[in-house]
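The values are calculated or read from the model by the stated rules, or taken from the named source; none is laboratory data. Since the structure is predicted, the reported quantities are computational estimates derived from the model, not experimental observations. Cβ placement follows ideal geometry from the backbone for every residue including glycine, while neighbour counts extend to all protein chains displayed.
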Amino acid sequence: MAGPAADTNTQQLIDPFGRAISYLRVSVTDRCDFRCVYCMSEHMTFLPKQDLLSLEELDRVCSAFVRQGVRRLRITGGEPLVRKNILWLFRALGRHLERGALDEITLTTNGSQLEKHARDLKSAGVARVNVSIDTLDADKFKTITRWGNLDTVLRGLDAAESAGLKIKINTVALKGINEDELEDLIHFAHGRGADLTFIETMPLGDIGEDRTDQYLPLSIVRARLMDRMTLEESAYRTGGPARYVTVKETGGRLGFITPLTHNFCESCNRVRLTCTGTLYMCLGQEDAADLRKPLRASSDDAALDDAIVDAIARKPKGHDFVIDRRSKTPAVSRHMSVTGG
Ligand code: SAM
Ligand code: SF4
């Protein structure tokens with residue numbers, strides 16, 4: 001549980017480049033009920049359970065960040081909703097929303113368990129969910145996710161909508177797989193009043209196949225869309241890597257996350273915590289801080305607080321992603337499901 005200092009958040013985490021760290025992404029599990037082709041191999045080996053932070057430890061570490069000025073938390077994974085008793089964590093963290101120390105708790109999910117959990121998430125204080133949907137074709141959905149079922153996810157979307165959750169849809173643009181469907185996805189998302197964000201594949205973790213086959217630059221996607229739709233530049237920002245346009249024909253918002261072709265580091269306000277308590281100060285760099293050690297060394301949070309301050313003092317200026325066409329090895333060896341997308 002959080003220490004006695006949890007009710008004040010007067011401090012601010014400022015990195016060496018003057019960026020205030022106000023956003024924490026937390027992977028609560030590396031496990032998943034899907035096996036998306038760009039994310040993991042079908043026979044992915046997962047971490048031993050004892051390596052994962054317990055829900056109580058996740059609460060303690062998130063609360064430490066809130067105490068030091070983090071205003072937004074995103075819970076991700078793996079698939080966060082497959083973690084046993086995960087609603088407990090959402091409810092526990094909800095106390096920071098109630099006392100005004102946190103602006104929002106959001107969730108990134110594949111939607112497979114949303115039908116079951118949407119109402120409880122909403123009552124725990126979650127206002128928005130990001131749901132990943134790469135295709136609206138049931139067969140293709142099976143091909144991309146290997147183990148997923150589109151109907152289940154669409155029922156999850158309906159449940160989220162009925163529960164009053166705001167929805168954003170994330171779509172990874174994949175060469176030769178869903179590139180012919182991206183316009184349909186815009187109409188689908190915007191027709192439901194949801195924002196849509198296209199994501200470029202990132203070279204994170206070995207997936208058992210060649211990533212250069214999947215890579216579709218969003219600059220190409222954007223140019224193609226502009227032949228058919230009017231994309232108006234938008235000043236809307238979330239502090240994250242997405243750049244937004246408004247699609248005139250639908251009135252909806254469309255984001256582009258292009259880590260490989262653009263540099264979004266100068267406004268980076270975020271850090272990422274893995275499900276084992278390792279803090280990555282940059283998605284594209286290997287330097288990390290172990291927060292599990294201070295968490296487990298003492299029930300007092302002083303060492304944990306110090307470790308967080310020390311880590312932020314090492315946040316690098318930016319990343320350097322490359323899909324290496326000769327060696328085909330990932331630029332960063334850890335999987336997105338461990339770091340948290
Ligand atoms: N399981 C949840 C989901 O799929 O939404 C949350 C975790 S997943 C790792 C978070 C996001 O990362 C998803 O939108 C997924 O499509 C995206 N993602 C996974 N691997 C990726 C990769 N190598 N490049 C780009 N996006 C990736
Ligand atoms: Fe699971 Fe999300 Fe990775 Fe797909 S992208 S395998 S749903 S963690």
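Overview of results
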| read-out | value |
| --- | --- |
| Filter result for the condition that a residue is of a type outside the set (A, V, I, L, M, F, W, C) and assigned to a loop (DSSP other than H, G, I, E, B), over THR171, THR201, THR143 | THR201 |
| Qualifying residue in segment 38-51 (condition: within 25 Å of SER299 (Cα to Cα), without any contact (Cβ under 8 Å) to a residue 12 or more places away in the chain, more than 20 Å from the chain's Cα centre (by Cα) and not in a helix (DSSP H, G or I)) | yes |
| Positions within segment 94-112 being within 12 Å of ligand 2 (Cβ to nearest atom), small (Gly, Ala, Ser) and touching a residue at least 60 places away in the same chain (Cβ under 8 Å), in sequence order | SER112 |
| Members of segment 25-81 that are within 16 Å of ligand 1 (Cβ to nearest atom), surrounded by fewer than 17 Cβ atoms within 10 Å (Cβ to Cβ) and of a type in the set (Asp, Glu) | ASP33, GLU42 |
| Residue that is farthest from LYS168 (Cα to Cα) [pool: residues in segment 260-277 that are of a type outside the set (A, V, I, L, M) and buried (at least 20 other Cβ atoms within 10 Å of the Cβ)] | GLY277 |
| Residue satisfying condition, being crowded, with 18+ Cβ neighbours inside 10 Å, within 30 Å of LYS84 (Cβ to Cβ) and either in contact with a Leu (Cβ under 6 Å, 6 or more places away or on another chain) or free of Cβ contacts under 8 Å to residues at least 24 places away in the same chain (or both), within set ALA289, ALA297 | ALA289 |
| Output for segment 242-265, where each listed residue is within 19 Å of the chain's Cα centre (by Cα), modelled with pLDDT of 75 or more and of a type outside the set (Gly, Ala, Ser) | ARG243, TYR244, ARG253, LEU254, PHE256, ILE257, THR258, CYS265 |
| Segment 128-156 - residue that is in contact with a strand residue (DSSP E or B) (Cβ under 6 Å, 6 or more places away or on another chain) and among the aliphatic types (A, V, I, L, M) and, of those, farthest from ligand 2 (Cβ to nearest atom) | VAL129 |
| Residues within segment 8-56 that are among the charged types (D, E, K, R), within 11 Å of ligand 2 (Cβ to nearest atom) and modelled with pLDDT of 95 or more, tallied | 4 |
| Residue match in segment 198-207 (condition: closer than 16 Å to LEU114 by Cβ and touching a residue at least 60 places away in the same chain (Cβ under 8 Å)) | no |
| Tally, over segment 91-138, of residues that are more than 11 Å from ligand 1 (Cβ to nearest atom) and under 17 Å from VAL172 (Cα atoms) | 4 |
